[in-house]
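I'd like to ask some things about the structure below.
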Amino acid sequence: MLHYVTRTVLLLSLSFAFLAAGCSTFNRDWQRAAAEPISTRDMEGPWQGTWMSDVNGHNDRLRCLISKKADQTYQARFHAKYRKVLSFGYTVVFDVQKTNDLFKFRSEADLGWLAGGRYYYEGQATLTNFFSTYRSKYDHGTFKMTRP
């Protein structure tokens with residue numbers, strides 16, 4: 001039993017250290033991007049707003065850093081807060097269809113069993129507003145963000 005407890009504490013400690021390191025990298029990158037001029041051509045750059053679960057009403061702060069990877073592919077690095085104390089970061093690749101200044105996107109990502117498994121995203125962004133729905137086996141809700 002003691003061996004199990006020790007291993008569990010070690011794994012949790014390493015997980016928190018890993019998440020903390022990822023958060024500091026995200027914060028540095030997001031701050032740097034927020035200090036630069038915002039793109040007037042596409043959805044690249046920093047975003048901030050909120051996430052909200054339609055299942056249980058949980059919600060909190062959400063930030064995102066979007067970068068273009070290919071003609072119709074963007075990478076979105078999300079950093080979400082939960083109850084103002086816990087934070088969680090993950091990356092999603094969006095397939096984007098652009099029509100004029102409207103970017104419609106879809107994606108799916110496996111966030112692991114601890115975060116709820118496979119998530120599906122669908123939404124749209126303009127140069128100033130980002131809206132997306134998300135859904136998984138256990139949760140669904142919305143992301144609403146604007147430029148900083």
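Do we have THR25 as at pLDDT below 95 and part of a loop (DSSP other than H, G, I, E, B) here?
On the way: at pLDDT below 95: yes; part of a loop (DSSP other than H, G, I, E, B): no.
Criteria not met by THR25.
Among (1) modelled with pLDDT of 90 or more; (2) surrounded by 14 or more Cβ atoms within 10 Å (Cβ to Cβ); (3) touching a His at 6+ places or on another chain (Cβ under 7 Å), there is one condition GLU44 misses while meeting the rest; what is its number?
If we test GLU44 against (1) modelled with pLDDT of 90 or more; (2) surrounded by 14 or more Cβ atoms within 10 Å (Cβ to Cβ); (3) touching a His at 6+ places or on another chain (Cβ under 7 Å), just (3) comes out false.
Quick check on ALA76: is it touching a Cys at 6+ places or on another chain (Cβ under 7 Å), assigned to a strand (DSSP E or B) and touching a residue at least 12 places away in the same chain (Cβ under 8 Å)?
Working: touching a Cys at 6+ places or on another chain (Cβ under 7 Å): yes; assigned to a strand (DSSP E or B): yes; touching a residue at least 12 places away in the same chain (Cβ under 8 Å): yes.
The answer is yes for ALA76.
Next up: Of the residues that sit in segment 53-69 and are out of contact with any Phe, Trp or Tyr (no Cβ under 8 Å at 6 or more places or on another chain) and in contact (Cβ under 8 Å) with a residue 24 or more places away in the chain, which one is nearest to THR126 (Cα to Cα)?
Ranking the qualifying residues of segment 53-69, first place goes to LYS69.
In segment 128-148, what residues are surrounded by fewer than 16 Cβ atoms within 10 Å (Cβ to Cβ), touching a strand residue (DSSP E or B) at 6+ places or on another chain (Cβ under 9 Å), assigned to a loop (DSSP other than H, G, I, E, B) and not basic (Lys, Arg)?
Start the filter on segment 128-148 by keeping residues that are surrounded by fewer than 16 Cβ atoms within 10 Å (Cβ to Cβ), which leaves 128-129, 131, 133, 137-138, 140, 146, 148.
Restricting the remaining residues to those that are touching a strand residue (DSSP E or B) at 6+ places or on another chain (Cβ under 9 Å) gives 128-129, 131, 133, 137, 140, 146, 148.
So of that shortlist, the ones also assigned to a loop (DSSP other than H, G, I, E, B) come out as 128, 137, 148.
Hits for segment 128-148 are THR128, PRO148.
For LYS69, indicate whether it is of a type in the set (Lys, Arg) and crowded, with 16+ Cβ neighbours inside 10 Å.
Values: of a type in the set (Lys, Arg): yes; crowded, with 16+ Cβ neighbours inside 10 Å: no.
No; evaluated as a whole, the condition is false for this residue.
Out of (1) surrounded by fewer than 15 Cβ atoms within 10 Å (Cβ to Cβ); (2) closer than 14 Å to ASP139 by Cβ; (3) under 15 Å from the mean Cα position of the chain (by Cα), the odd one out for LEU86 is which?
Exception for LEU86: condition (2).
Would you mind telling me which numbered condition in (1) farther than 18 Å from PHE143 by Cα; (2) touching a Phe, Trp or Tyr at 6+ places or on another chain (Cβ under 8 Å); (3) exposed (fewer than 15 other Cβ atoms within 10 Å of the Cβ) ARG106 fails?
So ARG106 meets the others, but not (1).
The values are calculated or read from the model by the stated rules, or taken from the named source; none is laboratory data. This one's a predicted model, so the numbers in the text were calculated from it and none came from an experiment. Counting neighbours? That spans all protein chains shown, and the Cβs are built from the backbone with ideal geometry, glycine included.
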